[in-house]
Amino acid sequence: MRILPVLCALLLLMFQGTAGLSLARGSRQDCERRQGFCSHQSCPPGIGRIGLCSEQEFCCRIRWYP
């Protein structure tokens, strides 16, 4: 029974990856379309990564908590 929560967590991670929530390589235009911005090497504190602009740039976006 202890394995059930682990399996659920793994399934959730797999579904998120297939739904486009993974860090897929894109371009500045893709990042801006997703309402984000490109940041060199890391995103500022409090801002989440939503993708990649290039090998050394992350696509970042402010997290909105309802």
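For the stretch 44-57, filtering for residues that are in a loop (DSSP other than H, G, I, E, B) and among the small types (Gly, Ala, Ser) leaves 2. If you go through the stretch 7-43 and pick out every residue that is assigned to a loop (DSSP other than H, G, I, E, B), exposed (fewer than 12 other Cβ atoms within 10 Å of the Cβ) and at pLDDT 90 or above, you end up with 1.
For the stretch 44-66, filtering for residues that are touching an Asp or Glu at 6+ places or on another chain (Cβ under 9 Å) and surrounded by fewer than 16 Cβ atoms within 10 Å (Cβ to Cβ) leaves 0.
The values are calculated or read from the model by the stated rules, or taken from the named source; none is laboratory data. The structure displayed is predicted, hence computed values, not measured ones. Methodologically, a virtual Cβ is constructed for each residue, glycine included, from the backbone with ideal geometry; neighbour enumeration extends over all protein chains shown.
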